[in-house]
Structure formats: C-alpha cells, structure tokens
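S.K.: Structure in structure tokens, see below.
The values are calculated or read from the model by the stated rules, or taken from the named source; none is laboratory data. Not measured: the values here are computed from a predicted model. Counting neighbours? That spans all protein chains shown, and the Cβs are built from the backbone with ideal geometry, glycine included.
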Amino acid sequence: MSSSSQWDAYVFETKAVNTPGAVPITIVIPLRNDIHAITLDQTFTFESRTPNVRDIHPKELTVHGGTELTVVGSNFEAESNPQMNLTQKAISTLDGTKTFDEVKYPPTPCSVLKQSEMTCKTPELQLPSSKEFGSFKAEYRFGFIFDGFQEAHDVEGNITSEITVEITVVELHSISEHHWPPYDATKRQPLNIEISWGHFQHEAVVRVGGIRSNITERLVNRLLFLPPDEAQLDPKSGCKTSNEAHSVEVAAGNTNQRVGCLTYDPDDDTPLRMILVFAVCGVVAVVVVSIIAFYIVQKRKNTDGE
C-alpha cells in the first residue's frame, strides 16, 4: 500500500502465510539509495477460506442409494460448486479368502446450506453378495471437490478435502400391503402405515397418486399421513385394475415401495354437495314465494268479492 505523496511513500508488508493465525505487520519505507523496514507491535489475524470437512452424518446408508448426508465443516460456498466423490474400499470375507474390489463412484453434486453445513446424496451402492461374503463391514472414503480457488490441491486446480468413515449399509425392510376404507377428506383424519425403517424413518415420504402427502406424525413403528385432495390427483393414476383407486407409495432416497391402494368416499364430493344445497335452497325459495303470491292473490279476490 502506498500513499498519494511521492515524498513519503510507504508499503505495508507481511510474511507469506499458509495457515490461519496472527501475522506481524512491517512498514517498508523507500529511501533514496535503500529501504528501511520497521516492524510494528501490532498484528492482524489471517483467516483461511479453504473449505474443510470435519464430519459426516448419518453414518448409515441404504443399498439403493439416495441417502441424504449432512456434511459439517467450514468455509463452504455455493459458488465453489462442491461435489462428493465417494470411494468404497475393498471388502474382504472374514477369513480373507475373497475380496470385493474397490469401487469409485462418480461425483455427485452437493447443496450448501450455510458456511458450516451442506448436504449430499449418495449414489446406488455396489456391494458383494451376502451369500458369498456373509456379514461384512464397508469402509468409505468421502472426497469433496471445491472449485474456483487459486490454490492447486490437485492436478485440476481444485481444492479437495477427504474423510474416511466406517459406514453401516442397510436394506430397508419391505412394507406389507395396507388396506384402508374409502377416505372421507372432510373429516381430515390421518391414515396409518406400519413401517419400521430405523434412522430412515425421518426420511420417509408418502405419495398418493404421485402427490406427496402431509405426514402428521412419525413414530418408531408407523407413520400417520393425510392424503391430498382427490382433485389434485391424476385421474390416470389408477391402482392395479381400478381407475377409482390411487396408488400409495413410501419412498426414502432411491427406495420406493407401493404399500396399497386408496379410494375416496364418493359421498365426499364437496362441490357437488354445495351445488345440491344451493339447488334445494333455490327450490324452497321458489315454493315460498309462490305460496306468498298465491295467498296475496286469494286475499285480493276475497276483498273484491265482498
């Protein structure tokens, strides 16, 4: 930094730094034949903006993929277009006789929620057969790529951050077929689905006729949900052989299971009911007016006769 005067020009200098911390300030004064440097007693704090990953949760994935992971760290910026690069380390049987080779999955995009948190979804996993390998543990290396930085941490000029975590891989239990009576939307009573998906219970989504339903309560062994209004559903979203029934599905990540068919109470046709009510009211009004008119006419006749 230099002043506007050519007689008292000066430059502030600091030493090169790579890690956050306090940095001393030196004033460099150019002289006629030399320079004079004065180190001040004051410092300024250098803060690194390099993205850093500290932890990942949950440490549980579904075989089908689509699990939403929360990544915790610092200096996450949406402009850096973060991507998750998942590597599944080689898996061996307990006796060491068989090995399932390492799998490198293609990068998947992440969404930055704030500077200390972002979410990423996992791809569908490739795992060895449980019949051949029996019970096994899977270890994953989560690499994260952040572009747009000057520092070159890899051959492509991107900053990478890695963390290795032992992950539990689960296959979500199948859900038995459910049967509900015709749904009366006017009562707004939630319906029940028996489901026990452990950690993924909170990720479960219920759709009726392809439309997402409002989940009113999540319990350990079931979900309570309110189906959408039938008018929102696609008339072509029939279930099995019935055009009047709508398919009910439960999904989490890439897992999607049909759990039953739902029909709506035909008596719950609010628009039609309103039309009928107005029609009846209109008929009643006409009848009342006719009676009054008839009474007035008769009264006049009686008066004229007298």
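S.K.: Could you check the range 81-105 and list, in sequence order, the residues that are surrounded by 14 or more Cβ atoms within 10 Å (Cβ to Cβ) and either over 23 Å from K121 (Cα atoms) or not assigned by TED's automatic domain parsing to the domain that holds S135 (or both)? Outline the logic, then answer.
M.R.: Our first condition is that a residue be surrounded by 14 or more Cβ atoms within 10 Å (Cβ to Cβ); within the range 81-105, this holds for 81-89, 91-93, 98, 100, 103, 105.
Answer for the range 81-105, where residues must be surrounded by 14 or more Cβ atoms within 10 Å (Cβ to Cβ) and either over 23 Å from K121 (Cα atoms) or not assigned by TED's automatic domain parsing to the domain that holds S135 (or both): S92, T93, K98, F100.
S.K.: Right, another one. Taking the range 48-80 as the search range and keeping residues that are surrounded by fewer than 18 Cβ atoms within 10 Å (Cβ to Cβ) and among the aliphatic types (A, V, I, L, M), which one is farthest from S116 (Cα to Cα)?
M.R.: V63
S.K.: Given (1) in contact with a Ser or Thr (Cβ under 6 Å, 6 or more places away or on another chain); (2) closer than 30 Å to Q88 by Cα, identify the lone condition not met by S196.
M.R.: The one condition S196 does not meet is (1).
S.K.: Six or more apart or on different chains, Cβ atoms under 6 Å: show the pairs whose first residue is in the range 82-103 and hydrophobic (A, V, I, L, M, F, W, C) and whose second is in a loop (DSSP other than H, G, I, E, B).
M.R.: Matching pairs, first to second residue: L86/Y105; A90/D101; A90/E102; I91/P128; I91/F136; F100/P128; V103/Q126.
S.K.: While we're looking at this one, here's another question. For the range 217-247, how many residues meet the condition of being over 26 Å from Q201 (Cβ atoms), free of Cβ contacts under 8 Å to residues at least 24 places away in the same chain and either surrounded by fewer than 12 Cβ atoms within 10 Å (Cβ to Cβ) or within 28 Å of the chain's Cα centre (by Cα) (or both)?
M.R.: Residues flagged as over 26 Å from Q201 (Cβ atoms), free of Cβ contacts under 8 Å to residues at least 24 places away in the same chain and either surrounded by fewer than 12 Cβ atoms within 10 Å (Cβ to Cβ) or within 28 Å of the chain's Cα centre (by Cα) (or both) within the range 217-247 amount to 8.
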